[in-house]
Each structure stands twice: as C-alpha cells, then as structure tokens.
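Everything on this sheet refers to the single structure shown next.
The values are calculated or read from the model by the stated rules, or taken from the named source; none is laboratory data. The model shown is predicted, which means the values in this text are computed figures rather than measured ones. No Cβ is skipped: glycine too gets one built from the backbone with ideal geometry, and neighbour counts run over all protein chains shown.
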Amino acid sequence: MEGLGFRDRIHEFTTLGAHVLGISPDTVATNRAFAERYTFPFPLLSDATRVVCAAYAACTGAMGEEVERVTYIIGPDGRIQHVIAGVNASEHPLAVLRVLYAARGLEPMVPVSLVYALGVLDYDFGTAACRDGLIRAMAPASPYEPYHLARYLNDYPQEIEHIIWVLSLEKTPLYVLRPVGSFASESYQEFWGFLNDQLVEGVERVSVPGVIRGQQSLLSGQRLPVVEPAAHGLYSWTTAALVESIYDSAAPAALVAATRNFLDRVYYQFRNPGQISRDRALNYAATNVFQASQAFQSALVQQMVLDRIAAEPSGVCRPDADCWDVQLTFIDPGQRLTRAAKVYRFTVDVSEVIPVPVGMVRSWDM
C-alpha cells in the first residue's frame, strides 16, 4: 500500500480505534528502507517466506510468485470483517475510512472544500530521508537547485511522484499538490513540465483547481492543506502569451496594455489563496480572460479606462449553483465628474471544481 495517504490520515484511523499493519514479501532490509523513505507511521512487516501471503490468498500465479494488493479489515475477535481487493493506492485511505465509519454507524467526516488557486509551482522533500536519498542519487548536482532537479527528473521520471509538489504565491507556500485517480501520473508529469517551463520558458503562473483533503508537513515542519487537483484544469502561462492568445498582432497597444493591467491587478491587488467563492470567481476571470477582453475592447472605443474590479453574489443563479458577478467599472479620466461611469458584468458559477462562465457580458451606464 502507498504510505503517503495513510501517513496523512493516520490520526483518523487512530480515532476510530484502528491499528494499521503493512505486510510485504520483501526482505526486512528492503522494507525498512522503504518505510524510512516515506516515514510510515505504522509497522511494515516482512513476509519473506510468503506464509502470510498464502494464508490470506494474496499470492497468485502457478508458484505463488505474484502478490495482489489486498487490504483486510480484521475485527477485535480476529475475524476478517471486510476485504478490499484491487487497491488503488491514491484513493485507498478514504476507501478504508468509509468502511470503518460504516461499521460504527457513522458518516465519514472527510473535509472537502473547493480551491481555484493561481501561483508558482515549487517543491519540497517532505522528509530528511527523501532529501538525503535525492542528494545521494543526484551527486554532485544538488536537489535544492531547481535546474538540477528538473534535469534529474527528466532522466528519472519515476521519481516525479516522490517529490512533494507545492503551489506558492509570492514565495509563500500555499498548498501541497497530490494528484489522485486515473490521471494522477499525467498530473505529476504536468508538474515537472511546469517546473521546467518556469525555468526555461519563463512561465509566470499556473492555475490549480481542486479540492482540499487533509494536511501534510513539509521538511521544515510547516503543515499545508493538501489539494487534489483536477487534471483538466491545470494550466501554465505568461501574461504576455495569455494576452497574445486573445488579440491578433494588429490589436491597439492601448487594448493590450489595458488587459495586462487587469491581469496584474488580479494577480497582485487581489492576490488570494483561491478558497472562498469570491476569490475563485476572480481567479477564474483572470484565467479565462476572454470575457473581460470584450469589456476592454468596448471601453477603448469610448476612451475609457478601468477604475474598479469587484465580485459579488449574483442576484440570479441556477438551482444548487454558486454564481458570482464579476464587475469591471470604467471611467473617462478627463471627465470623471461630468461623464457617467460604465459597468461591464459577467457571471461565473463556482459551484464545481472548475468554474464556468454563465451568460453573456452585459453593460450599463452608472
């Protein structure tokens, strides 16, 4: 079984009165090294003779040479209460918790909250053992040097999932990123690509939509929320490239400057961790800047400039949705007192992991 998920949720198993044991047919030395590398908070036993494996029908093949990943939940009386076969390592801790809660007549208390965050991809080692292992493997290069690590991961992609990937904002760590599910490997590859692009291509930001599940410690001891990202919402970009994707080469310089100004204001004036609905709506508006660009094109014709950015709950929303109106207010700087301001509004539904635009851009005079 994969140790990271159990390590982070071990307090929930303990609260439910459960004790976790891992058993592997590997040698004691191999299991010890593996457990130390991932700082397992539970014993990892060695079944080198495969006696236990055979007794629990976990050994398959003509000679019992293959070992199935199976979890047995054993009651206080020593009897097997539940069997989970075909273990998916990333999703397995929650599957076990659901069984334990159900056996006690309780609802799973697994906190989930949505995130749509913008930041820069960083990394951590999680444990001294993981760091030291990389130092030995990469010598004389250093894992603390991002260029060295990126090249090492290019040569040894199997190590990508052993790095603790972190989303930072203004050099402040926000979240640990831990992909799960069928596309977890692809997401880890995206992380390596983002890191490499930040170093080589000058990528400035990445977007991470996902859900928060638990916490994890960094090597420094700092604990961060863990985000399980949605693979189809992971993007990286530079501001210049994002603007160029909207306008053609003949676009007026003032229009390009106005769009860049809007993005910079969201990035810096409204910088946020992307958890509350308002912040997710603003972050999405800066990622899907096409809607905002319609306002800039219209305002430019009227010789108006962006004055205020706001987001507020939408007065009209679909059932069971969480809709927010992003409003951009433009003014004529030379006629502030004599000319009406103009407001452009577009709506974003942030009730799902990846927000979606709702309706058209609307405008009116103040």
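Residue 279: of a type in the set (Asp, Glu) and in a helix (DSSP H, G or I), yes or no? The answer is yes for residue 279.
Hey, among 272, 283, which residue is at pLDDT 90 or above and in contact with a Lys or Arg (Cβ under 9 Å, 6 or more places away or on another chain)? Of the residues listed, the single one that is at pLDDT 90 or above and in contact with a Lys or Arg (Cβ under 9 Å, 6 or more places away or on another chain) is 272. Are there any pairs with C-beta distances below 6 angstrom linking a residue in segment 281-307 that is without any contact (Cβ under 8 Å) to a residue 40 or more places away in the chain to a residue that is of a type in the set (Ser, Thr, Tyr), with the two at least 6 apart or on different chains, and if so which? Close Cβ pairs (under 6 Å, with a partner that is of a type in the set (Ser, Thr, Tyr)) amount to 307/329. Can you find, within segment 282-312, the residue that is nearest to residue 325 (Cα to Cα) among those that are among the small types (Gly, Ala, Ser) and part of a helix (DSSP H, G or I)? Among those residues, the one meeting the criterion is 285. Scanning segment 277-318 for residues that are hydroxyl-bearing (Ser, Thr, Tyr) and under 26 Å from the mean Cα position of the chain (by Cα) returns 277, 284, 287.
Is it the case that segment 348-365 has a residue that's within 28 Å of residue 271 (Cβ to Cβ) and among the aromatic types (Phe, Trp, Tyr)? The answer is no, given that none of the residues of segment 348-365 is within 28 Å of residue 271 (Cβ to Cβ) and among the aromatic types (Phe, Trp, Tyr). With under 21 Å from residue 287 (Cβ atoms) and either among the β-branched types (Val, Ile, Thr) or touching a residue at least 40 places away in the same chain (Cβ under 8 Å) (or both) as the only criterion, which of 265, 178, 213 stands out? Matching residue, one of 265, 178, 213: 265.
Out of all the residues in segment 313-344, which are modelled with pLDDT of 90 or more, among the hydrophobic types (A, V, I, L, M, F, W, C) and part of a loop (DSSP other than H, G, I, E, B)? 340, 341 - these are the residues of segment 313-344 that are modelled with pLDDT of 90 or more, among the hydrophobic types (A, V, I, L, M, F, W, C) and part of a loop (DSSP other than H, G, I, E, B). Applying the criterion of at least 1 residues that are over 23 Å from residue 260 (Cα atoms), out of contact with any helix residue (DSSP H, G or I) (no Cβ under 6 Å at 6 or more places or on another chain) and not assigned by TED's automatic domain parsing to the domain that holds residue 259 to the helices (runs of 4 or more DSSP H) found wholly in segment 134-245 leaves 146-155, 184-200. Remark: residue 256 falls outside the filter, which requires a residue to be modelled with pLDDT of 90 or more, within 30 Å of residue 344 (Cβ to Cβ) and surrounded by 18 or more Cβ atoms within 10 Å (Cβ to Cβ). Screening 256, 266, 208 for residues that are of a type in the set (A, V, I, L, M), over 16 Å from the mean Cα position of the chain (by Cα) and within 14 Å of residue 117 (Cα to Cα) leaves exactly one candidate, 266. When you scan segment 351-358, do you find a residue that is in contact with a Gly (Cβ under 7 Å, 6 or more places away or on another chain) and farther than 14 Å from residue 290 by Cα, even just one? Checked segment 351-358: at least one residue is in contact with a Gly (Cβ under 7 Å, 6 or more places away or on another chain) and farther than 14 Å from residue 290 by Cα. When restricted to residues that are of a type in the set (Asp, Glu) and farther than 30 Å from residue 350 by Cβ, segment 116-168 contains 4.
Give the residue that is surrounded by the most Cβ atoms within 10 Å (Cβ to Cβ), with candidates limited to residues of segment 310-328 that are among the aliphatic types (A, V, I, L, M) and over 21 Å from residue 340 (Cα atoms).
From segment 310-328, those among the aliphatic types (A, V, I, L, M) are 310-311, 316, 321, 326, 328; that's our starting set.
Now drop any that are not over 21 Å from residue 340 (Cα atoms), which leaves 316, 321.
Values: 316: 9, 321: 14.
The extreme case among them is 321.
Selection of segment 225-272 for residues being among the small types (Gly, Ala, Ser) and touching a strand residue (DSSP E or B) at 6+ places or on another chain (Cβ under 8 Å) yields 230, 233, 236, 258. Scanning segment 25-54 for residues being among the small types (Gly, Ala, Ser), assigned to a helix (DSSP H, G or I) and over 33 Å from the mean Cα position of the chain (by Cα) gives a total of 2. Within segment 313-366, being at positive phi and among the acidic types (Asp, Glu) holds for one residue alone: 320.
In segment 123-172, of all residues being touching a residue at least 12 places away in the same chain (Cβ under 8 Å) and among the small types (Gly, Ala, Ser), the one that is surrounded by the most Cβ atoms within 10 Å (Cβ to Cβ) corresponds to 126. Could you tell me whether segment 337-351 includes any residue that is without any contact (Cβ under 8 Å) to a residue 60 or more places away in the chain, within 24 Å of residue 254 (Cβ to Cβ), of a type in the set (Asp, Glu) and touching a strand residue (DSSP E or B) at 6+ places or on another chain (Cβ under 6 Å)? No, because not a single residue in segment 337-351 is without any contact (Cβ under 8 Å) to a residue 60 or more places away in the chain, within 24 Å of residue 254 (Cβ to Cβ), of a type in the set (Asp, Glu) and touching a strand residue (DSSP E or B) at 6+ places or on another chain (Cβ under 6 Å).
Using the structure shown, decide if residue 283 is among the polar types (S, T, N, Q), surrounded by 18 or more Cβ atoms within 10 Å (Cβ to Cβ) and in contact with a Leu (Cβ under 7 Å, 6 or more places away or on another chain). Yes.
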